[in-house]
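Engineer: Take this structure, written in C-alpha cells, and hold onto it; I'll ask about it next.
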Amino acid sequence: MSDATLVFQPEGKRARGAVGSTILEAAKSVGIDIESPCGNRGTCGKCRAVVREGRQCLSEPSALEARALTVQDRESGYRLACITAIMRTGTIVVEVPNESRLARQRLLVAGIQPPVELCPALTKLFISMTRPTLTDVRSDSQRLLDALAAQHNVRADLAYEAVKELAEAVRQQDWKVTLTVYKEREVTWVEPGDATTSAYGFAVDIGTTKVAGYLLDLNKGAVVATSSMMNPQIPYGDDVITRISFTSKEPRNLWTLHRLIVEGINKLVREACRSAGIDPRHVHEMVTVGNTAMHHIFLNISPKYVAMAPYPDCLGSAIDVRASELGVEINPGAYVHSLPSVVGFVGADAIADIIATEIYKAKEPSLLIDVGTNAEIVLGSEDGLLACSAPSGPAWEGMQIRHGMRASTGAIEKLWIDHESLEPSYKTVDDARPTGICGSGIVDAVAEMLKAGIIDRRGAVVNGLRTGRIRRLEGVSEYVLARTNETGTGKDIVITQKDIREIQLAKAAIYTGAYVLMKRQGVTPSKIGKFYLAGAFGNYIDLQSARVIGLYPDVSLDRVRFVGNAAGAGARMALLSTRIRDLARELASKVEYVQLAAYPGFREEFIKATLLPHEDLSRFEDVRGLVTGD
Ligand code: FES
C-alpha cells in the first residue's frame with residue numbers, strides 16, 4: 001500500500017492520496033472543493049487547510065507558505081493545500097475551513113433590456129411533402145427542399161445533422177415536418193409534425209469569474225429560465241492573464257480550459273431547460289458574449305497574443321460555429337453565434353454593454369463602467385464612442401485581500417464605523433456569521449476607515465488612535481472588523497494595510513480609465529448625462545462609499561443607473577434579433593479604442609488617483625468635507 005489516508009473534517013470524508021500528490025487533489029477526489037484562484041501556484045493563499053494529525057506525512061512548509069501564512073497560522077497547522085504534498089503513508093486529518101471552500105456565489109443575472117423587435121436568425125417552417133411513388137423517386141432530401149421552396153419560397157441547403165434525422169422524421173407524421181431554417185440558407189433540423197411553436201435559444205455571458213445563461217422563447221422574445229455559475233476555469237487563475245499564460249504553456253492546457261467552460265455551459269443549459277421543462281434539443285441557437293480571452297478559450301482558439309503587446313486578438317469579428325463542433329449540447333444542428341470584439345482587451349461583452357444601455361443613441365455624453373476583474377469603460381453618445389479596458393484586478397471579487405471572499409453566505413457586504421468609538425457594525429450575505437469580506441464590503445470598509453480617520457488619504461493606517469481595533473502583526477497594521485467570538489471561522493476578520501493598498505490600485509485603474517476617456521472628449525463629470533454602472537459588483541456597492549474612495553469620476557448620484565448584467569442583456573438582444581447582430585458589427589468597427597498605457601501622462605494620473613479619493617480634491621468637491629487626515 002503506497003497511499004496515505006486523508007480524513008477531511010468536519011465531513012469526515014476519507015480519501016486516498018498517492019505519495020507526491022497534494023492535499024488539494026485528495027480533497028477534490030472526494031468532492032470537497034477548495035478555492036484555488038492562483039491555479040495551484042501557492043501565491044494567493046486562498047487554499048488554506050489545517051492539518052490536525054499526520055504532519056510528519058507531509059512535505060516541509062515551503063518559502064511560498066512562509067509568505068502566504070502568518071507565523072501564528074503556521075503554528076496552528078495551517079498549510080496551503082495546493083502545494084502541500086503527501087510524502088509518506090499514514091493517516092492525515094485535515095480540516096477545511098469555511099473560508100477556503102468554493103462557495104456558491106450570489107450571482108447577478110438580471111439586467112436592463114430595451115425592447116427588441118423579434119427577428120431571430122432561425123425560423124421554424126411547417127411543410128407538407130408528397131410521398132415517393134414508383135414514378136417519383138426523388139430522395140427524401142430533394143423532396144424536402146422542393147417542398148420548402150414551393151411552400152415558403154426559401155431555397156436552402158440541408159445540414160448533415162438534419163439529414164441524419166430525415167428518413168424517420170418525415171415518415172412519422174405522414175410526411176408533415178417542421179424545419180428549422182438558419183438565416184434563410186440552411187435547414188439545420190427536421191422534426192415530425194407541426195413543432196413551429198417550440199423555438200428556443202440560449203444566451204450566455206462568459207465572464208472571467210461568473211457565467212450567466214438565459215433560455216429564451218424565440219417566438220415570444222421572453223426569458224423562460226436563467227442559470228448561473230462561477231466560471232469553472234477559476235482554479236486555473238483568477239484573472240485573464242493567468243489563464244492566458246496557462247494556455248500558452250502547453251497546447252493541451254487550452255483544451256483543458258476550453259472543455260471546462262463548454263461543460264460549464266452545458267450544465268447551465270441543462271439547469272435552465274430542466275426548470276422550464278424543455279428538452280435541450282429544442283434549443284436551436286446559442287449566442288455568446290465575453291471578454292476576448294474568454295471567447296477565444298471557449299472557441300478553442302489560442303488567446304496567447306491577446307496578452308502580448310500590442311495585444312491583438314485573433315478572432316475580432318463575429319463568428320458562427322456549429323454547436324456540436326464545440327461540444328455544446330443543444331440541438332445537434334444548432335449554431336453558436338459569438339458577438340464581435342473591438343480589440344484585444346475590449347471584447348464582445350463591452351459591445352453587448354453598449355447595445356443594452358443604448359449609449360450609442362444618447363444625445364448627451366454617457367459613461368458606462370462594467371466593473372469586473374477587467375473593467376470595460378465606454379464614454380460617448382450618438383456622436384461617437386470611446387472605449388478602454390482597465391485591469392482593475394480581482395480585488396472586487398475578494399481576491400488578493402487577506403480575508404476577502406466572493407459575495408457568498410457569510411461575506412461582510414455592508415459596513416459602518418462609528419466615528420467616535422471607531423467600532424464597526426456590518427451586514428453579511430444571508431445574515432450568517434461573518435467568514436470574510438466581499439467587494440462591496442471592502443469598498444465600505446476603506447471609505448468608512450477614511451471618514452473615521454483610521455486611515456489617511458494616502459491609505460496609511462494612522463498611529464496612536466485610541467482603539468483596540470487597530471494592531472500590528474508581523475510589521476503590518478490591520479483593523480479588526482469582526483472578532484473571533486463573532487465570526488464563522490473562529491478567527492478574527494481584518495482589513496490589512498496591504499488590502500487597502502490593493503483597493504487603492506484597483507480603484508485608481510478604473511478612475512484613471514474613465515478620466516482619460518473624459519479628457520480625450522473634453523467632458524467633465526457635470527456634463528455626463530447618464531452614468532451606467534454594470535456588473536454584479538457594481539450592483540451591490542454603496543455609491544457614496546465608492547465616491548468617497550474615488551472609484552469613479554465625481555458624477556452626481558442622481559445620474560447613476562445600475563444596469564446589472566448589461567452584457568447578458570446584450571447577448572439576449574442579439575439572440576432575438578439579427579438586426580442587433582448587424583448593429584454589433586457596426587459598433588465594433590466604429591468604437592474608438594484608447595490604449596491607456598500609451599496615453600501621455602497616464603502613469604502620473606494613475607499615481608494621483610491612488611490617493612483617497614484623489615490627490616486633487618477639487619475633482620471630488622462633493623466628498624471633500626467627508627474625508628479627513630491629509
Ligand atoms: S495558494 Fe493554493 S491555490 Fe493559490
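Since every read-out is calculated from the coordinates, none of them should be taken as a lab result. In this text, all values refer to a predicted model and were calculated from it rather than measured experimentally. A quick note on method: Cβ atoms are made from the backbone with ideal geometry, for glycine too, and the neighbour counts reach across all protein chains shown.
Engineer: Mind running the shape call on the range 6-65? Use the C-alpha gyration tensor, a ≥ b ≥ c as the square roots of the eigenvalues: rounded below 1.5 for a/c, prolate if a/b tops b/c, oblate otherwise.
Structural biologist: Because a/c hits 1.5 or more and a/b fails to exceed b/c, the range 6-65 counts as oblate.
Engineer: What is the pair-distance distribution P(r) of the range 228-279, computed from all Cα-Cα distances in 5 Å bins starting at 0, with each bin given as a whole percent?
Structural biologist: Whole-percent P(r) values from 0 Å outward: 5, 20, 23, 19, 12, 9, 7, 4, 1.
Engineer: Taking the Cα atoms only, what angle lies between the long axis of helix 566-576 and the longest principal axis of the chain, rounded to 10 degrees?
Structural biologist: Approximately 0 degrees, to the nearest 10.
Engineer: Between Y160 and D33, what's the calculated FRET efficiency when r is the beta-carbon distance and R0 is 45 Å? Round to 0.05.
Structural biologist: 0.70
Engineer: A further question on this structure: Across 10 Å bins from 0, what is the distribution of all Cα-Cα pair distances for the range 477-530, in whole percents?
Structural biologist: All Cα pairs considered, the percentages come to 21, 27, 21, 18, 13, 1.
Engineer: Give the total of Lys-Lys pairs in the range 99-228 with Cα-Cα distances below 29 Å; include a pair only if its members are 8 or more places apart or on different chains.
Structural biologist: 9
Engineer: Given points 7 Å out from each Cα along the Cα-Cβ axis, report the R471 to L626 separation in nanometres with one decimal.
Structural biologist: 3.0 nm
Engineer: Further question: Among V204, V94, V461, which comes first, then next, by fewest other beta-carbon atoms within 10 Å?
Structural biologist: Ordered by Cβ neighbours within 10 Å, fewest first: V461, V94, V204.
Engineer: Given H placed on each backbone N at 1.01 Å, which residues far from A411 in sequence or on other chains put an amide H within less than 5 Å of it?
Structural biologist: The list, which skips near neighbours in sequence, is V429, T435.
Engineer: Okay, next question. Label points 7 Å out from Cα along the Cβ direction at A222 and E184: separation in nm?
Structural biologist: With each label placed 7 Å out from Cα toward Cβ, I get 2.9 nm.
Engineer: Continuing with the same structure: Using a 7 Å offset from the Cα along the Cα-to-Cβ direction at both E53 and R138, what is the distance between the two label points in nm, to one decimal?
Structural biologist: The answer from the label model is 7.8 nm.
Engineer: Moving to a separate point now. Find the relative contact order for the range 464-542 and round it to a whole percent, using C-alpha pairs within less than 8 Å whose residues are 6+ positions apart.
Structural biologist: Dividing the mean separation by the residue count of the range 464-542 yields 15 percent.
Engineer: Still on this structure: What are the principal axis extents of the Cα atoms in the range 266-307, in Å, biggest first?
Structural biologist: Here the spans come out as 42, 16, 14 Å, largest first.
Engineer: Let me ask something else. Want the number for S317 to A598: 0.36 nm per residue separation, take away the alpha-carbon distance, what's left?
Structural biologist: 98.7 nm
Engineer: Using Cα pairs under 8 angstrom and six or more residues apart, how large is the relative contact order of the range 490-587, in percent?
Structural biologist: 29 percent
Engineer: Using alpha-carbon pairs under 8 Å, 6+ residues apart, how would you state the relative contact order of the chain in percent?
Structural biologist: 13 percent
Engineer: Counting only helical runs of four or more DSSP H residues, what would the 222 nm mean residue ellipticity of the chain come to if each run contributes -39,500 (n - 2.57) and the total is spread over all its residues?
Structural biologist: Value at 222 nm, helices only, nearest 500: -9000 deg cm²/dmol.
Engineer: Give me the angle, in degrees from 0 to 90, between the Cα long axis of helix 497-521 and the longest principal axis of the Cα atoms of the chain, rounded to the nearest 10.
Structural biologist: That helix lies at roughly 50 degrees to the long axis.
Engineer: Pull out the extension gain between K363 and A460, defined as 0.36 nm times the separation in residues minus the alpha carbon to alpha carbon distance; nm, one decimal.
Structural biologist: Fully extending the segment from K363 to A460 adds 30.7 nm.
Engineer: Assuming a viscosity of 0.692 mPa s and a temperature of 37 °C, what translational diffusion coefficient in µm² per second does Stokes-Einstein assign to the range 485-630, Rh being the Kirkwood radius over Cα pairs?
Structural biologist: 185 µm²/s
Engineer: I would also like to ask the following. Using the alpha-carbon centroid of each, what span in Å lies between the range 352-397 and the range 507-526?
Structural biologist: 11 Å
Engineer: If you stretched the chain out fully between S526 and R274, how much longer would it get, using 0.36 nm times the residue separation minus the C-alpha to C-alpha distance?
Structural biologist: 85.9 nm
Engineer: Tell me, L257, L339 in order of fewest to most beta-carbon neighbours within 10 Å?
Structural biologist: L257, L339
Engineer: Check cross-link reach from K519 to the lysines: straight Cα distance under 24 Å, and skip same-chain residues fewer than eight apart.
Structural biologist: Those lysines meeting the cut-off are K361, K363, K507, K527, K530, K590, K608.
Engineer: Continuing with the same structure: Quick check: convex hull over the Cα atoms of the range 564-630, volume per residue in Å³, rounded to an integer?
Structural biologist: Roughly 156 Å³ of hull volume per residue.
Engineer: Counting only other residues whose beta carbon sits under 14 Å from that of P280, what net charge do I get with K and R as +1, D and E as -1?
Structural biologist: Around P280, the charge tally is -1.
Engineer: What angle, in degrees between 0 and 90 and rounded to the nearest 10, separates the Cα long axis of helix 140-152 from the longest principal axis of the Cα atoms of the chain?
Structural biologist: For 140-152 against the chain, the angle is about 90 degrees.
Engineer: Could you list D444, D3 so that the one with the fewest beta carbons within 10 Å of its beta carbon is first and the one with the most is last?
Structural biologist: Lowest to highest Cβ neighbour count: D3, D444.
Engineer: How fast does the chain diffuse by Stokes-Einstein, in µm²/s, taking the Kirkwood radius from C-alpha pairs at 20 °C and 1.002 mPa s?
Structural biologist: Value of D from the Cα-based Kirkwood radius: 81 µm²/s.
Engineer: How big is the range 397-513 on each of its three principal axes, counting only the C-alpha atoms and giving the largest first in Å?
Structural biologist: Sorted from largest, the Cα extents of the range 397-513 read 38, 33, 27 Å.
Engineer: Could you go through the range 189-197 in sequence order and give the Karplus-derived ³J(HN,Hα) for each residue, using 6.51 cos²θ - 1.76 cosθ + 1.60 with θ = phi - 60°, rounded to whole Hz, and x for Gly and Pro?
Structural biologist: Those phi angles translate into 7, 10, 10, x, x, 9, 10, 5, 7 Hz.
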